[in-house]
Amino acid sequence: MKRWLAIPLTLALAWLLFTLSPLWALYKLADAVRHHDAAYVETHVNLRTLRLSLVRQIVLAVREALDADPNIEPKDRQRLNDLSYGLALALAETLVTPDTVIDMLDDGWPEKLDLKRPPGAHPVGLNMQGFQRVATYYAAAEMRGFRAVVIPIPPEAPRSERTRIRLRLRGFTWRLAEIEMADALRGEVAAKIGRVLAKARIGAGGDR
């Protein structure tokens, strides 16, 4: 009887250790962010997938703003949509470097970029100092199968003020693969690109 009981207990313990493994990786990442260890971040962040993720988020936010503007003609909307992708790609290249990833995660806002914080926005960064903080992150983590986990930063903040990160398992190492920007940051990035698109639209109008 004890032998049969040991099997489910062993499996339960193995699953617990597996679900704790991304938290250990996140703890190490938080420590690297706190000490501004760009070398560690570079080897534990998938910069390529992170850039693609940010491009998708930025383009979607800009297109939603363009679609909501009734004063834009369909042919202009398509041209601005195409232009927004190029601008988002250029901005993502700027956003996704080891230094800017640290800048974004240390307090939830990339100060090195020319992005003004909206009034009332209080982004909070990645902080896992203390057992209670680690336990809070563990409770908020969402396993997506066996190879991905999504974790909100900070877990207790309102949805609009949380940054959500996705860790993916590659071999035996969890790596940061995606950062879903908080609403305030995504809105400011979209507004920045929107201002550039507005100038492009005015310039194109002046040529006709």
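Miscellaneous remarks
- Prolate/oblate/rounded label for the chain (Cα gyration tensor, a/c 1.5): prolate
- Charged side chains reduced to their Cβ positions (Lys and Arg at +1, Asp and Glu at -1) give segment 36-207 a dipole of some 480 debye around its Cα centre.
- Of 168, 56, 79, the residue with the greatest mean-square motion in the GNM of the chain, using alpha carbon springs below 10 Å, is 79.
- Qualifying chymotrypsin sites (Phe, Trp or Tyr not before Pro) in segment 121-170, where qualification requires a DSSP coil assignment and no more than 11 other C-beta atoms within 10 Å, comprise 146.
- DSSP loop GluC sites (Glu not before Pro) with at most 13 other Cβ within 10 Å excluded, longest remaining stretch of the chain: 1-110
- Lysine pairs with alpha-carbon atoms under 21 Å apart, segment 36-207, spacing 8 or more or separate chains: 4
- Positive minus negative residues near residue 19 (Lys, Arg vs Asp, Glu; Cβ under 14 Å): +1
- Highest-fluctuation residue, 166, 144, 34 considered, GNM on the chain with Cα pairs under 10 Å: 144
- Selection from 190, 14, 58 lying farthest towards where the dipole of the chain points positive, charges on Cβ: 14
- Taking 12, 88, 25 as the candidate residues, the one with maximal mean-square fluctuation in a Gaussian network model of the chain, Cα springs under 10 Å, is 12.
- Options 153, 98, 124, ranked by Cα towards positive dipole end of segment 85-168, top entry (Cβ charges): 153
Bear in mind that the values in this text are calculations on the coordinates, not laboratory data. The model shown is predicted, which means the values in this text are computed figures rather than measured ones. Positions of Cβ are generated from backbone atoms using ideal geometry, with glycine treated the same way; all protein chains shown enter the neighbour counts.
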